[in-house]
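Visitor: My questions will all concern the structure given below.
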Amino acid sequence: MENMNLSKHISGQFTAELDDIRNRVLAMGGLVERQLEQAIDALSALDAELAQRVIDGDHKVNGMEVSIDEECTRIIAKRQPAASDLRLIIAISKSIADLERIGDACVRIAKAALDKRLNNQQPLLVSIENMGRHATRMLHATLDALARMDADSALELHKEDAKLDREYEGIIRQLMTYMMEDPRSIPDILDVLWAARAVERVGDRCKNICEYIIYYVKGKDVRHTSYEDMEKDMKG
């Protein structure tokens, strides 16, 4: 009877530890989502104060990644989890790495907002703002799927990245047109280019997190897999 109670106690502790890291990764995701919203706001309004706030806040994102990753390592070493528990920890460990990189993208966007030369590039800034709002919605939906470990939503969101890529390609065409018409504009446009690239990378990171959700739920590694094959795997 004592052994049964001890096993139950250990099992309860383990469950609490898993719940804790799930809550912490979602808190990190919430912070990154705010960082992205503020970075896009800062760029669209060329608000230097808000941009600096995003840059200064990046250390919190980095700190959360390190502490959650350390906890994941500790749980693996102490509990030696198997099957779905191990997949959950791996999915969380990989997700926080991508969330940290989204945080880096936010810094890149915010730094572009500090360049007052962009006052002359309002049409391009509007295009990036639209793309940025799309990326923010995608991140929000991805975090929601992560909270619920919803593989079906993750699969749908995975193909959303292609739409973001098309928006990015449209902005690149705009940039090329501007630079060909006026080569003197190239220095001014480079920051716009880097900001657009940073937004595009947010979509890539969201897509990665969606793959980790599917891996946890289905036990299948779907990285580097076409959407059609992923769909087959989901049904299999």
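The values are calculated or read from the model by the stated rules, or taken from the named source; none is laboratory data. Computed from a prediction, not measured in an experiment: that's the story for all the values here. Cβ atoms come from the backbone with ideal geometry, glycine included; neighbour counts cover every protein chain shown. Accessible surface areas use protein heavy atoms only, side chains included; no ligands, DNA or RNA. Shrake-Rupley method; radii C 1.70, N 1.55, O 1.52, S 1.80 Å.
Visitor: Evaluated at 25 °C with a viscosity of 0.890 mPa s, what Stokes-Einstein diffusion coefficient in µm²/s does the chain have when Rh comes from the Kirkwood expression over alpha-carbon pairs?
Guide: After rounding, the answer is 128 µm²/s.
Visitor: Something else about it: Report in % the part of the accessible area of the chain that belongs to carbon and sulfur, leaving out ligands and nucleic acids; probe 1.4 Å.
Guide: Carbon and sulfur together cover 51 percent of it.
Visitor: Another question, then. Please compute the per residue accessible area over the stretch 104-161 with all protein chains in place, 1.4 Å probe, rounded to a whole number of Å².
Guide: 41 Å²
Visitor: With contacts defined as alpha carbon pairs under 8 Å and 6 or more residues apart, what's the relative contact order of the chain in percent?
Guide: Relative contact order for the chain comes out at 26 percent.
Visitor: Quick one: among Gln174, Gln122, Gln80, which has the greatest mean-square fluctuation in a GNM of the chain with alpha-carbon springs under 10 angstrom?
Guide: Maximum fluctuation in the GNM of the chain, among the listed residues, is at Gln80.
Visitor: Further, regarding this structure: Rolling a 1.4 angstrom probe over the protein heavy atoms, how many square angstrom per residue are accessible across the stretch 17-63?
Guide: That works out to 43 Å² for each residue.
Visitor: Magnitude of the Cβ-charge dipole of the chain, K/R +1 and D/E -1, about the Cα centre, nearest 20 debye?
Guide: 300 debye
Visitor: So between Leu26 and Asp182, what do we pick up on full extension, going 0.36 nm a residue minus the alpha carbon distance?
Guide: Extra length available between Leu26 and Asp182 comes to 51.6 nm.
Visitor: Quick check: Cα centre of the stretch 12-37 to Cα centre of the stretch 165-204, how many Å?
Guide: That distance is 34 Å.
Visitor: Mind checking the angle between helix 2-45 and the chain's longest principal axis? C-alpha axes, 0 to 90 degrees, to the nearest 10.
Guide: 10 degrees
Visitor: A further question follows. Per DSSP H run of n ≥ 4, the term is -39500 (n - 2.57); total these for the chain, divide by its residue number, and report the mean residue ellipticity at 222 nm rounded to 500 deg cm²/dmol.
Guide: Calculated at 222 nm, the ellipticity per residue is -31000 deg cm²/dmol.
Visitor: May I ask which of Lys78/Lys220; Lys94/Lys207; Lys159/Lys220; Lys94/Lys163 have a Cα-Cα span longer than 21 Å here?
Guide: Lys78/Lys220; Lys94/Lys163
Visitor: With springs connecting C-alpha atoms under 10 Å apart, model the chain as a Gaussian network and identify which of Val61, Val202, Val217 has the largest mean-square fluctuation.
Guide: Sorting by GNM fluctuation, first place goes to Val217.
Visitor: Also: What FRET efficiency do you get for Leu114 and Asp204 if R0 is 41 Å and r is their Cβ-Cβ distance, rounded to the nearest 0.05?
Guide: With R0 = 41 Å, the Cβ-Cβ based efficiency is 0.95.
Visitor: Now a separate question. Please build a GNM for the chain, connecting alpha carbons under 10 Å apart, and tell me which residue among Ser95, Ser44, Ser67 fluctuates the most.
Guide: In this elastic network of the chain, the residue with the biggest mean-square fluctuation among Ser95, Ser44, Ser67 is Ser67.
Visitor: Considering the Cα trace of the stretch 19-71, what is its radius of gyration and what is Dmax, both in angstroms?
Guide: In order Rg, Dmax, the Cα atoms of the stretch 19-71 give 12.8, 40 Å.
Visitor: Got a sec to turn the phi values of the stretch 159-166 into Karplus ³J(HN,Hα) couplings, 6.51 cos²θ - 1.76 cosθ + 1.60 with θ = phi - 60°, whole Hz, x for Gly and Pro?
Guide: Per residue, the Karplus-derived 3J(HN,Hα) values read 7, 5, 4, 4, 5, 5, 4, 5 Hz.
Visitor: In addition: No solvent, one uniform scatterer per C-alpha: report log10 I(q)/I(0) for the stretch 92-138 via the Debye equation at q = 0.13, 0.20, 0.24, 0.34 1/Å, two decimals.
Guide: Treating every Cα as an identical point scatterer, log10 I(q)/I(0) equals -0.39, -0.76, -0.95, -1.16.
Visitor: Take the Cα pairs of the stretch 23-162, get the Kirkwood Rh, then feed it into Stokes-Einstein at 10 °C and 1.306 mPa s and tell me D in µm²/s.
Guide: 98 µm²/s
Visitor: Could you tell me how many degrees, from 0 to 90 and to the nearest 10, lie between the Cα long axis of helix 83-113 and the main elongation axis, the longest principal axis, of the Cα atoms of the chain?
Guide: Relative to the chain, helix 83-113 is tipped by roughly 20 degrees.
Visitor: When all C-alpha to C-alpha distances in the stretch 131-202 are sorted into bins of 10 Å, what percent of pairs does each bin hold, rounded to whole numbers?
Guide: 19, 40, 23, 13, 5, 0
Visitor: While we're on this one: Which one, Gly103, Thr225, Val199, projects farthest toward the positive side of the charge dipole computed for the stretch 81-236 from Cβ point charges (K/R +1, D/E -1)?
Guide: Looking along the dipole axis, the top candidate is Gly103.
Visitor: Another one. Let me check against my output: what whole-number percent is the relative contact order of the stretch 11-128, with C-alpha pairs under 8 Å and at least 6 apart?
Guide: About 43 percent, as a whole number.
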